[in-house]
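Undergrad: Here's a structure for you.
The values are calculated or read from the model by the stated rules, or taken from the named source; none is laboratory data. It should be emphasised that the depicted structure is a prediction, and the values quoted were computed from it without experimental measurement. Don't worry about glycine lacking a Cβ; one is built from the backbone with ideal geometry, like all the others, and counts go over all protein chains shown.
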Amino acid sequence: MYQDSSRERGYKGSVSIINSNGRIQLRFHYAGKRHYLSTGWLDTPASRKLAKLKAAEIEKDILYEQLDETLAKYKPASSLSTVTPVTPIQKPKPHLDELWDKYSEFKKPQISPSTYAKDFAKHRNHIAKLPTRSLDEASAIRDHLLSNLTPDAAKRCLTQLKACCNWAMDEGLIDTNPFASMKIKVPKGTSEEQDVNPFTKEERDLIIRTFASDRYYSHYTNYVRFLFFTGCRPSEAVALKWRNITNSVIQFRESVVVSEDGLVLKEGLKTQRKRDFPINAEVKAILDEIRPEGDNSESLVFISPKGKFIDHHNFANRAWKSILDKCNVPYRKSYQTRHTFISLCVEAHINSTAIGRWTGTSAKMIDNHYGATNFTNLRPPELS
């Protein structure tokens, strides 16, 4: 192997062959500037012979003042078989689960505890069940999601994987996003807010009476009454404290969400920062029945049998299903208590803007989804 000491200082316009980190480099002066040409060749006797030929070519062009100062003309052809090829060093590609963990940590301070605990953990579980986590097999990952999840869940997961890989590109962790052009079409469906299938007044009253008389679940009677007669979201009812109850209104200011540490209180509501609900006689009767004595302003209005936050998911899966079975009422999700309130208000010809302000939704949503939903309670007018 030739060493740097083999450099020779030649005549004006001559090209020196030098060793730079084990590879051959050509160096020369022209027009008052120093030029370097890296060949990429390992410093071997065979490469030295090629370098001398290349140096002679440059010297000739200098002599005839025809030098290509971009040096493009003199760059070695990569197809020379006599030279040991230089294999570029490639960083190993990180796997999808590694990227997701880093992306999750990046996003954690920017999102709500419930989103992190529910959605990010859910997608992490999906990734853990993949047959491969190699980014080179992105198509197989997409196909697995489609085969093992609902179309909607598969689409949401793929969307998050795209976002993760976009972030990884910005961070320089990967060069391309293998999911960028992938799409999953989802059949048109309805969200929980749009899935309007309310109970009738008779079904509502039967459900409340059955809760009240049930041996195991009577504790939840006023909680269910409150949901039916205010139309609030369960997360808002569970978060209420007695300081939020005035003589005239209920002040919805917080909601209970799922976090890594379980149920926690969060400032703000699902779609707005705050909302007031006027207290009428029915709601006042519910609150008077459960109002504790003394100053309990920081106490929760509705509590679990153990005195903690009501876990509405657990309530819906156990108490709610059990009571509807006992009533012989066709099953609907407990969120239909909200839709029942709004639908009955619509039937009572309450202005949709007012209903929207009471329940935290838009007048347009009410007009589009709640108009005449309880057909059994309606009769066509006499037209004669």
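Undergrad: Testing I323 on (1) buried (at least 16 other Cβ atoms within 10 Å of the Cβ); (2) under 17 Å from A237 (Cα atoms), one condition comes back false. Which one is that?
TA: It is condition (2) that I323 fails.
Undergrad: To continue, here is another question. Every residue in the range 202-232 that is outside any helix (DSSP H, G or I) and without any contact (Cβ under 8 Å) to a residue 24 or more places away in the chain, please.
TA: Once the filter is applied, which keeps residues that are outside any helix (DSSP H, G or I) and without any contact (Cβ under 8 Å) to a residue 24 or more places away in the chain, the range 202-232 yields only R215.
Undergrad: Would you check if there is a residue in the range 191-208 being surrounded by fewer than 13 Cβ atoms within 10 Å (Cβ to Cβ), out of contact with any Leu (no Cβ under 8 Å at 6 or more places or on another chain), within 30 Å of W100 (Cβ to Cβ) and not assigned by TED's automatic domain parsing to the domain that holds Q272?
TA: yes
Undergrad: If the requirement is being in a loop (DSSP other than H, G, I, E, B) and surrounded by 12 or more Cβ atoms within 10 Å (Cβ to Cβ), which of these qualifies: S304, S297?
TA: S304
Undergrad: With the requirement that a residue be charged (D, E, K, R) and under 59 Å from the mean Cα position of the chain (by Cα), what does the range 14-65 give you?
TA: R23, R27, K33, R34, D43, R48, K54
Undergrad: Would you check if there is a residue in the range 240-257 being within 24 Å of the chain's Cα centre (by Cα), aliphatic (A, V, I, L, M) and assigned by TED's automatic domain parsing to the domain that holds G307?
TA: yes
Undergrad: What number of residues in the range 43-79 are exposed (fewer than 13 other Cβ atoms within 10 Å of the Cβ) and assigned to a loop (DSSP other than H, G, I, E, B)?
TA: 9
Undergrad: Pull up the range 233-244, narrow it to residues that are assigned to a helix (DSSP H, G or I) and out of contact with any strand residue (DSSP E or B) (no Cβ under 7 Å at 6 or more places or on another chain), then point me to the one that is farthest from D325 (Cα to Cα).
TA: Looking at residues that are assigned to a helix (DSSP H, G or I) and out of contact with any strand residue (DSSP E or B) (no Cβ under 7 Å at 6 or more places or on another chain), I get R243.
Undergrad: Another question, if that's okay. Whether any residue in the range 271-278 is buried (at least 18 other Cβ atoms within 10 Å of the Cβ), assigned to a loop (DSSP other than H, G, I, E, B) and in contact with a strand residue (DSSP E or B) (Cβ under 8 Å, 6 or more places away or on another chain) is what I want to check.
TA: No; the residues of the range 271-278 include none that is buried (at least 18 other Cβ atoms within 10 Å of the Cβ), assigned to a loop (DSSP other than H, G, I, E, B) and in contact with a strand residue (DSSP E or B) (Cβ under 8 Å, 6 or more places away or on another chain).
Undergrad: Taking F228 as the residue in question, decide whether it is of a type in the set (F, W, Y), at pLDDT 90 or above and under 14 Å from Q336 (Cβ atoms).
TA: yes
Undergrad: Identify the residue in the range 151-166 that is of a type in the set (G, A, S) and without any contact (Cβ under 8 Å) to a residue 60 or more places away in the chain and, among all such residues, is surrounded by the most Cβ atoms within 10 Å (Cβ to Cβ). Lay out the reasoning, then the answer.
TA: Residues of the range 151-166 that are of a type in the set (G, A, S), as a first pass: 153-154, 163.
With without any contact (Cβ under 8 Å) to a residue 60 or more places away in the chain added as a condition, the list becomes 153-154.
Details: A153: 17, A154: 20.
Going through the qualifying residues, I end up with A154.
Undergrad: Restricting to the range 128-138, name every residue that is touching a residue at least 12 places away in the same chain (Cβ under 8 Å) and either within 16 Å of T159 (Cα to Cα) or not hydroxyl-bearing (S, T, Y) (or both).
TA: Correct list: A128, K129, L130, P131, R133, L135, D136, A138.
Undergrad: Any residue in the range 59-73 that's outside the structural domain of H29 (by TED's automatic domain parsing): show its pairings with residues that are among the charged types (D, E, K, R) and surrounded by 11 or more Cβ atoms within 10 Å (Cβ to Cβ) at Cβ separation under 7 Å, as long as the two are six or more apart or on different chains.
TA: none
Undergrad: Can you tell which of A138, A163, A168, A153 is in a helix (DSSP H, G or I) and under 11 Å from the mean Cα position of the chain (by Cα)?
TA: A163
Undergrad: Also, I was wondering about something else. Here's a check for you: in the range 218-242, which residue that is among the charged types (D, E, K, R) and under 25 Å from R273 (Cβ atoms) is surrounded by the fewest Cβ atoms within 10 Å (Cβ to Cβ)?
TA: Ranking the candidates gives K241 first.
Undergrad: Which ones in the range 113-123 are under 11 Å from the mean Cα position of the chain (by Cα) and not hydrophobic (A, V, I, L, M, F, W, C)?
TA: T115, Y116, K118, D119, K122, H123, listed by residue number.
Undergrad: OK, next. Checking the conditions here, which among A281, A285, A212 is in the same structural domain as V329 (by TED's automatic domain parsing), more than 32 Å from the chain's Cα centre (by Cα) and more than 28 Å from T353 (Cβ to Cβ)? Don't jump to the end; show me each part of the working.
TA: Numbers: A281 fails: more than 28 Å from T353 (Cβ to Cβ); A285 fails: more than 28 Å from T353 (Cβ to Cβ).
Testing whether each residue is in the same structural domain as V329 (by TED's automatic domain parsing), more than 32 Å from the chain's Cα centre (by Cα) and more than 28 Å from T353 (Cβ to Cβ) leaves just A212.
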